[in-house]
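Below: the structure, in structure tokens.
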Amino acid sequence: MPAIEHVVQTAYAKYVDRIGKPPGPMLDDYTTRVAEGSVRVLEDARGLAGILVVLPQAGYLLLENIAVAPERQGEGIGRRLLAAAESEALQRGFDELRLYPTFSGFPARLDVIFRPCGLSGNKIRSQPPR
């Protein structure tokens, strides 16, 4: 659990000043998330590169959290995690992912962020902030 929490804390730290409080993922209980089977990790020879938390909901898969270790950002880790979330959604019979915004301008940036991954705003929707 410490490695998962470290990735989340360091990945989201830059948003604390921007939104004026720790984002929800920084406050989550990862022991519980792992126990309930909601956490996916991406590890390689260099260690834990990123994590994904997915929660099935009625009619969609909620991408609760996607976090990439800051020293691994820019390596395509986020894209791989997002592809894993999409694959899991399809395997579970969902054709929609939803997620929480963590920064201002989120809706306008949906396509900028997700189009390179082959996804678009009609497949990924923003949930109200928590």
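Restricting to segment 48-62, name every residue that is small (Gly, Ala, Ser) and modelled with pLDDT of 95 or more.
ALA49, GLY50, listed by residue number.
From the residues in segment 5-57 that are of a type in the set (S, T, N, Q) and out of contact with any strand residue (DSSP E or B) (no Cβ under 6 Å at 6 or more places or on another chain), which one is surrounded by the most Cβ atoms within 10 Å (Cβ to Cβ)?
It comes out as THR10.
Looking at this structure, is GLU43 outside any loop (DSSP other than H, G, I, E, B) and in contact (Cβ under 8 Å) with a residue 24 or more places away in the chain?
Criteria not met by GLU43.
Would segment 26-40 turn up any residue that is of a type outside the set (Phe, Trp, Tyr) and assigned to a strand (DSSP E or B)?
yes
State all residues of segment 85-102 that are of a type outside the set (D, E, K, R) and either closer than 21 Å to ILE19 by Cβ or surrounded by fewer than 17 Cβ atoms within 10 Å (Cβ to Cβ) (or both); if no residue qualifies, say none.
Scanning segment 85-102 gives SER87, LEU90, GLN91, GLY93, LEU99, TYR100, PRO101, THR102.
The values are calculated or read from the model by the stated rules, or taken from the named source; none is laboratory data. Predicted, not measured: the structure shown is a model, and the values here were computed from it. Don't worry about glycine lacking a Cβ; one is built from the backbone with ideal geometry, like all the others, and counts go over all protein chains shown.
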